[in-house]
Each structure stands twice: as C-alpha cells, then as structure tokens.
Amino acid sequence: MIEVKGLTFSYGKDKQALHGLDFTVEDGEIFGFLGPNGSGKSTTQKILTGILRGYGGRVSLFGEDRNNIHTQDFFQKIGVLFEFPYLYANLSAIDNLHYFSSFYPKEQLREAEELLEELEFKKDFLRRPVSSYSKGMRQRVSMARALISNPKLLFLDEPTSGLDPAGAVLFRRIIEKERQKGTTVFVTTHNMFDADLLCDRVAFLSNGNIVALDTPGNLKEQNSSRSIVVEYVYQGWREERTIEASELKAGIPFACDELISVHSQEPTLEDIFIRYAGRGLS
Amino acid sequence: MWKNLYALFKKDCRMMASGKFFFVALGSLLLYTVFIHFGYLKFMDSSAGIYNVYLYDPAGTLDGISPFVRLAASREELDEALARDTSGGVGISMTDGRPDVILYRGAEKADRHRVDYALSLLHLDGEYTPEVVGSNTPEMKQRREITCELLFIEIVAVGFLGIASVLFKEKQMGVIRVHVIMPLEKNLFIFSKVMLFLLTDLAFAALMTIFNVGPAEAGIILPAVLIQTAILSLIMALTGFGCTMLLKDFRQFSLAYLAIALFVATPVFLSANTSIKMTWIGWHPFYHVYMGLKNAFFGMPVTSPVYYICAVCAIILLFGIVGAAFSREMGREG
C-alpha cells in the first residue's frame, strides 16, 4: 500500500526534517509511526497525503509513484483524521459531514447519522452547532468525517487525543473494525499504549530517522531483560526476588511458603523507545 | 467541478450569513441612501451655484444678471472675496466695459468650466455662448458623485474586511487544512469566495445606483458601473484573500488595512475629489480604477483597451499570488 525509500525533506537550508526514511506498509495493516514532537511524524504524513512536495527519495502509494498519482483520485481513496478536530464551528455535526462528503462520489459514501451513531455521538447534539460540543464530541465528528468516504487508506493523527478512556476504547474498536474491512491504517502518535494495542507494526522516529521498526511483540521480546520478579512469603516474611526466566524451568528455585505474584520484566514500548532514541516521547 | 463549486459556494454563503456580512451590507446600503437623500444633498444645497461668482461693475452696465452673482463694491473687495473663497470662486471685473475674468488657477479643464459658468450668469446673449458639457442638473451631479464615492469606500473597505473576517474564521477553525485532503480542485476554494463577494458587490452597486441616482438614469449607466465595480471588487477580494493568507491574525490584518487606507485610498480620493494635485497620481493603479468608476457614473465609460487589459492582467496576477499563498498556508497550518 505504502512504500517509502530514502525519503528526505528539508524546510530550509539548516532545517533537515527527514534523513532518508525507508519503510513499507502492507495492505490491511495498522502501521504505527511513533515519535516525540518535532521528530518528523507530521512531515512524513504530510508528504504521504500530498500536502508537502519537494521531498527527496521515492514514495509510492497504491502501487504508484506519489508524483504521478492524479490528486483527486488519490484523495477519494484516503481519509485523514487530524490531531485537532477541524470543523466548522457554526455548523452542526450533520451539516459538517454533509458538506465534506459532498466532494466525494455518492456511491462511496456512508450514511452520516449511522456513522455518528456507531461513534456513540449524542443524538441531541446532531443538529446543534459544533461550537457547543465537548472535545470528545468534536473528535467523534472528525473521525466520522475521515470515515464517511469509506477510505482504502486511513491516516490517523493522535486518534484518541481528547477522548475519555471509554471513548479511546471505542475508537480502537472502530479502527480495528476498519482494518477487518481491508482498510490500511497509518497511525501517527506518541501514545505508546494506543500503539501497543492497535498496531501490527510500529516505527520509532527520532530526529528524522527511523531508529527501530518491528511488531510491538518483537520489539518487547528483543529488548526484554528476561528477568522475572517473584513476590512470596517465607517463614512469615514477605519477600521479593528477581530471577532469570530460564531458572523457572524446573520450578521456583528457592524455598517459599506462599507465592504472591510473578511478574515478567517486559519493557513497555516507551522504555524501548528511550533505549533506541535516547530520550522520551513527551 | 460544478457540484464541488456549488457545495463551496453554499457553505461560503452560510459563513457570511452567520458572520452577519449580508446584514452589514444591507445596513450600509440603507445608511448611505438615507445619508444621500436626507443629509448630503441638503447639506450641499444643490440649488446653489457650482462656483461663487463675484462681479465688480462700477458703471452698472449689466442688466438682468443671475441672482447667483454676488456684487462687489470695489476692485479691492472683489480681490478680497476671491482670496477668501475656497470653492473655486470666479471674479468678473467690468472696469473696461467688457467682462474681464479673474480667478486663481487650478486644473486647466476645470478652469475653462469655471469661466464658462461665470460668464453664462451674466446673460450676455449674442456676445457669449457657453459650451454645453452635459445635461446633469447640479443635484444629479452631486448624486452621482457621492454615490460613486460611497460605493468605492464600501467595496474597498467593507468588502475587503468582509472576506478577511470570513477567512480568518476558517483559518482559526483549521478547516482550510481539511480542504487540502478533499478531492476537489483547490483553486475552487478561492474562486467560490471571490465570486460570492463579486456578486454581493454587484448587487450592492446596482441597488445603490438605482436608489440614489434614480431608476431611469441608472438604466443608462448601470452596465458601465457594474463593469467597473466588478474590476474593483475582484481586485479587492483577491487582495483581501492574499493578505489573510500571508498575515497571522486579524490584528495584523487591521494594521495592513490601515496602511492600505492611508497610502492607497487617501491619495486617490484627495487627487480625484479636491484641488490637491499630485503629479505622480497617474502611476497609482487605484486612481485609474476610481476614475473608471466615476466616469461610468457620469455616462462616460472608459473605452481604452489598455485599461481593461491592465485590469485583467492585474486580476490574473493576483489570483496566481493568492493561489501560491493559499498552497503555502495549507501546508503550514496545524
């Protein structure tokens, strides 16, 4: 679906934003693009969506070079959720969706009200102006705008930002549902929890370079210390001991009266990112 | 393309309606009309002469002179009256038994009219036949003049600020960025807004002319007035669009507008409507547009193809600049 080779981009003489990125995104994959602010995530997404031109290297989408793609055909096939819910504040959710959907062929459109219902949007607010909505409601309308044209490729920038935990779970479920329909999803985020739960593969971006690219599971496995922390009670005393995973093969290698907990010391994606990039995400 | 243009146009109409733009335009139209009918014409006293005419006739040789002529008792009094007069007064001395015209020099053509007018008030039948320069009554002349000036101000000021207020709202809401990823020709976004402002300005110009010049006269001059309005409206809407894309917020835009008002509109008004002469004004593009509008109001539309070619080129150039600024904004926003 997406193939990027040696992608470079500069905002000026001394402002090199991307230093030769290489990655591919397969059809129907959820691909996470992770990095802190200023790492080049947005620049990459802008290049992929055709907003920025003048890049170096090769970018192809839908099997065609980005430069040769007829722009309007391309935009009919993609959906974009921006980090902030950009909507007409004086129009209602329905009017916003009707307006933005009017640029697509009718046969590829989804029903606006059904879509909002799926996104658990409060019915009472359907015809009220967006200016009266909470951030979560605006994010739902924005997501509906991204999905209304049944895109084959979906770009999501911080999809769960501004949502409460229930909303975040709902969004992850909807993204997963889109993938099951065959949609390819490119997620840009610095929320490692989302990335871990959602993405088939993730790329860590730091200072315009991809420092790691793999499945979240593989990254954790490769970076795991393989140590295990055991909490137990022995002779009336509560104790904790760290052992190597291999030591567990033959059972608990020390005397104990009662086991309280056994924790594998698997790193989080954030830990791994810090290990590769030398700094955190925020 | 038409479907997309219709969607954009409909949305722009709603944006302008919610921003009370049409209400402001209608309010301006009513205010200007009331001002012209009940304020300006009375204030200007249209029954008075065009210029003050002072006569010194020591021998009292003239009979049946116009009541507009003011008599001076001596040559010194005549000179003093002329020195005090700020509205282009003309003096006539009959010291030698023949009318000797005295005036402070202004523009050559206007001076000829002043002389013609002053001499015509003496009713010197057979000796002098004034040149007929038009069929306008003084009231009609004043109506045309003030309607033209107010229309120019409306388009330059209100239309220019109107497009900025709508666009800054869209910029603030971030929705311009969403249009980047919509399957539509990006120039339609500019085209739709400019067309909406053009249609509003044309409707405003037509109503303003009909209400204040009169339906009969408006029927004659309206086509030329609308052409000049269209030129001015397109230039101002595109300039407003460009400034909105290049400037950060409405406060910066207001400062830019002040600069435009001070350095662009003021010299044009001063040069075209007062006796202040600026030798360089011929190089000022807005002077030609303003004079084009004024001449259209007086039934003498610009016929020079150079003027129209320059106007079309300016509009195309502005559209190109606005397109580039819009693309830059789309990539930068967010």
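Couple of notes before you dig in:
- Out of B:E185, B:E170, sole residue that is of a type in the set (D, E, K, R) and buried (at least 18 other Cβ atoms within 10 Å of the Cβ): B:E170
- The set of residues in the range B:290-334 being over 30 Å from B:I220 (Cβ atoms) and either more than 14 Å from chain A (Cβ to nearest Cβ) or among the aromatic types (F, W, Y) (or both) consists of B:I316, B:L317, B:L318, B:F319, B:G320, B:I321, B:V322, B:G323, B:A325, B:F326.
- Conditions (1) more than 14 Å from chain B (Cβ to nearest Cβ); (2) in a helix (DSSP H, G or I): number failed by A:A146: (1)
- Enumeration of residues in the range A:220-254 that are among the hydroxyl-bearing types (S, T, Y) and either closer than 11 Å to A:E266 by Cβ or not in a helix (DSSP H, G or I) (or both): A:S224, A:S225, A:S227, A:Y232, A:Y234, A:T242
- Against the numbered list (1) more than 8 Å from every other protein chain (Cβ to nearest Cβ); (2) surrounded by 15 or more Cβ atoms within 10 Å (Cβ to Cβ); (3) within 30 Å of B:W2 (Cβ to Cβ), A:G35 comes up short only at (3).
- When each of A:A166, A:A144 is tested for being assigned by TED's automatic domain parsing to the domain that holds A:V187, under 20 Å from A:V185 (Cα atoms) and of a type outside the set (V, I, T), the lone residue that passes is A:A144.
- Checklist (1) more than 25 Å from A:I30 (Cα to Cα); (2) among the charged types (D, E, K, R); (3) not in a helix (DSSP H, G or I) applied to A:E120, failing item: (1)
- Within the range A:73-82, tally of residues that are surrounded by fewer than 22 Cβ atoms within 10 Å (Cβ to Cβ) and more than 7 Å from chain B (Cβ to nearest Cβ): 3
- Residues located in the range B:1-34, provided they are of a type in the set (F, W, Y) and more than 9 Å from every other protein chain (Cβ to nearest Cβ): B:W2, B:F9, B:F21, B:F22, B:F23, B:Y32
- Among helices (runs of 4 or more DSSP H) entirely within the range B:239-334, having at least 1 residues that are over 17 Å from the mean Cα position of the chain (by Cα) and among the charged types (D, E, K, R) singles out B:250-260, B:305-332.
- Residue-level analysis places B:F160 among those that are closer than 25 Å to B:L255 by Cα and either away from every other protein chain (no Cβ under 11 Å) or of a type in the set (A, V, I, L, M) (or both).
- Cβ pairs under 7 Å, 6+ apart, first in the range B:172-186 and over 13 Å from A:S101 (Cβ atoms) and in the same structural domain as B:S327 (by TED's automatic domain parsing), second surrounded by 21 or more Cβ atoms within 10 Å (Cβ to Cβ) and at pLDDT below 85: B:I176/B:M330; B:R177/B:M330; B:V180/B:M330
- Enumeration of residues in the range A:94-117 that are surrounded by fewer than 18 Cβ atoms within 10 Å (Cβ to Cβ), touching a residue at least 40 places away in the same chain (Cβ under 8 Å) and in a helix (DSSP H, G or I): A:Q108
The values are calculated or read from the model by the stated rules, or taken from the named source; none is laboratory data. In this text, all values refer to a predicted model and were calculated from it rather than measured experimentally. All Cβ positions, even for glycine, are placed from backbone atoms using ideal geometry, and neighbour counts span all protein chains on display.
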